[in-house]
Each structure stands twice: as C-alpha cells, then as structure tokens.
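The values are calculated or read from the model by the stated rules, or taken from the named source; none is laboratory data. Everything quoted here is computed from the prediction, not taken from an experiment. Every residue, glycine as well, gets a Cβ built from its backbone with ideal geometry; the counts of neighbours run over all protein chains shown. Please note that ligands, DNA and RNA were not included when accessible areas were found on the heavy atoms of the full protein model with its side chains. Shrake-Rupley method; radii C 1.70, N 1.55, O 1.52, S 1.80 Å.
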Amino acid sequence: MSLTQGAPLLDRGPADAPDRERARRSEEPSPHRRDRRRRGKKPSPTMFLVILPFLVLVLAFSYLPLVGWATAFYDYKPALGLSGSEFVGFQWFRMLVSSPTQLQQIGQVMANTLAMSFLGIATSLLPVFFAMLLNEIRAPWFKNAVQTLTTLPNFISWVLVYMIAFSLFSTSGLVNSVLNDWGIITTPIKFLDTGEHVWLTMLLWSLWKGLGWGAIMYLAAISSIDPALYESARIDGAGRFQLMRYITFPQLMPTYVVLLVLSIANMLNNGMEQYYVFQNAFNKEHIQVLDLYVYNIGITGNSLSMATALGMLKSVISVVLLVTANAIAKRARGTSII
C-alpha cells in the first residue's frame, strides 16, 4: 500500500473521534438500564448456602442457649428438670439486692471487672502502635519472625500460661532462685500468692498473650491504605515517622473505633479462664471478675438459678453499653457499627 493510500487512514482518527465517542456511549449501559438489570437480578441461593453453616453456629451457640434464661425464674433443681422445679418469679433478682453481704460482694466483683476492663481499654492503642512499628521493618525475614513470635502466645491456653508463670514467679521458681543466689533477697518474693497489684499483673499477662494477635487486624488495615498517599507525602519531604503520624495512624482510626466500641460493649465480659487459673486464697478478693463470680455461684455454690439471673443482668447491661458507645462514636467521628 502506498503512502498516498495510507494517508486517509492516518487522518481518520481525529476526524472520527466524535463518532467513536457516540458509539462508545451507546454501547455503555445507561443508569436506567443498570437499575433494571440490578432489580431484575435474582439473589443467588449459592451465596446463602455459603453462609448457612455460620448462621447455624450462631443460632446454636448464641441464641439457642437463651432458652436457659427461664431457670432464673425457677428454683431450679437439675435432677427434677425445669418442669419439676418450683416457679419463684423474681425471687433470685430480689436476693441479689436484699442482702448487704451480697451487695458488698457484688460491689467488689464489679470493681474488679470494671478495673480490668478499663485497663484493657486504656492499653488498646498498643496493638495499633505495634502494628505500625512492625510495618516499618524492612527485612521480611525479621518482620515475619517478630510477628510469629508475638502471635504464638495467643494459641497457648491459660493453663499453660499459668504453668509458665508458676515456674518463673512462684516462691521456689526461677526468678526467686536467681535473686536468692545473687544475694539480692533473703526471703522469696510472693509474686503470685498476693492480692497486691493483681490488676496490673493480669494486664501484663493479657498483653503478653494478645498483643501480636491484636495487631493482625491493624496490619491488614495498613495493607489496604492507598500507596499514593505515601508517595505524595514523600514527594513533599515527609519522613518515616511523619508518614506514620499523618497517614498510617489516621487511616487506622476507623478500625480502632469499631474495635473500641466492641470493647466498651464487652466491659462486663472479661472471660474467666485467665482469672480462674490465677486465683488463690490470697488474691481471690481482687481477682474475681463477674464471669468468674457467676461460675463460682453456679457451679461451686450449686445455685444455677442465681447465676442465670446474674448472667441475664450482665447481658442486658452489655447491650445498653453497646448502644451507648455506638451512639457516642457516631456523634464524635461519624463511625458506627449498628
């Protein structure tokens, strides 16, 4: 083909640009067409089947046990069953507030529970900072090693954690033996057999066990931050700590707020495994949180009805805390979970 014949082909691009633009617009679906397609698209039963096992698990372990709340209104005897037990109405609820000794005990339990929860909330930013610092490690092998070593304690049961604590900090443990051999102490220090500073001790063990695990979600949030933000900041002369302060940290705040709201809603749900294995006659007064108190009343004290009444009150208060914290977060930052 000659250059003369090819010229019109080269000149055709700019001349036909409006025609091609009209053709492209005609091929694109209009908003009305997209709406009709979206409305006409039927929900896929396959997606429902995917989440069905999880719905069954939630129903079996979160909602079906609520049927047991009926025992709070009976003088429940396991041997007789619910049908053979006497209906007593709100007797157990009245007993919780009628006895001064019971009120004093519940007050101490609530103080322990709220103290543990407030300490956990006060240190809830530590996983955020740990994730930010971990993200700045440039050597992949070192970063993976640190993340693995800090995440592994989460998979160790509290029974094994107490075994480690007993081996290290008991009166005949490694720490006391070393201090005694070095002449620093003459009598063993009671790290575990004391009620002093037990709140701080439980906090430190919780941080050791859950710091690396808590940072995983923030590491995932960091990986989803737009790299263009970092590139623009570097062009403007920002250093690594400025990138962390002005980009990484603000981008993690929505995730942190959601987790904070959930933590506030679970202020009364400290769990009992940690406190159950660390409790003894010396620290029981200061280590007994609400979940452990309910367990001791129901199983050790053989009063399942009163334990159920306490569990009901705890659930109702947790729902109120969730709604309140969600409303505050929505008003303050515009972020909410419900």
Where does the chain land at 222 nm, in deg cm²/dmol rounded to the nearest 500, when only DSSP H runs of n ≥ 4 count, each adding -39500 (n - 2.57), divided by all residues?
-> -21000 deg cm²/dmol
Exposure rule at most 15 other beta-carbon atoms within 10 Å, DSSP loop trypsin sites (Lys or Arg not before Pro): the chain longest free segment | 191-338
What accessible area per residue comes out for the chain, rounded to a whole number of Å², with a 1.4 Å probe?
-> 65 Å²
Taking the chain and dividing mean pair separation by its residue count, relative contact order in percent (alpha carbons under 8 Å, at least six apart) | 22 percent
Within the chain, which DSSP H helices have Cα atoms that stretch 20 Å or more along the helix axis and a mean Kyte-Doolittle hydropathy of at least 0.0?
-> 100-122, 198-223, 249-265, 304-333
Anyone know which of ILE222, ILE328, ILE185 comes out most mobile in the 10 Å Cα GNM of the chain?
-> ILE185
Treat each spin label as a single point 7 Å out from the Cα along the C-beta direction, and report the PHE61 to ALA238 distance in nm.
-> 4.0 nm
Once you've got the GNM for the chain with C-alpha springs shorter than 10 Å, pick whichever of ASN154, ASN180, ASN270 has the biggest mean-square fluctuation.
-> ASN180
Using the Cβ atoms and a cut-off under 15 Å, what net charge is assigned to the surroundings of SER223, where Lys and Arg are +1 and Asp and Glu are -1?
-> -1
Carbon and sulfur atoms account, in whole percent of the 1.4 Å probe accessible area of the chain, for 66 percent
Report the longest stretch of the chain that contains none of the chymotrypsin sites (Phe, Trp or Tyr not before Pro) sitting in a DSSP loop with at most 12 other Cβ atoms within 10 Å.
-> 183-338
The chain, Gaussian network, Cα under 10 Å: of VAL161, VAL56, VAL198, the residue fluctuating most is VAL56
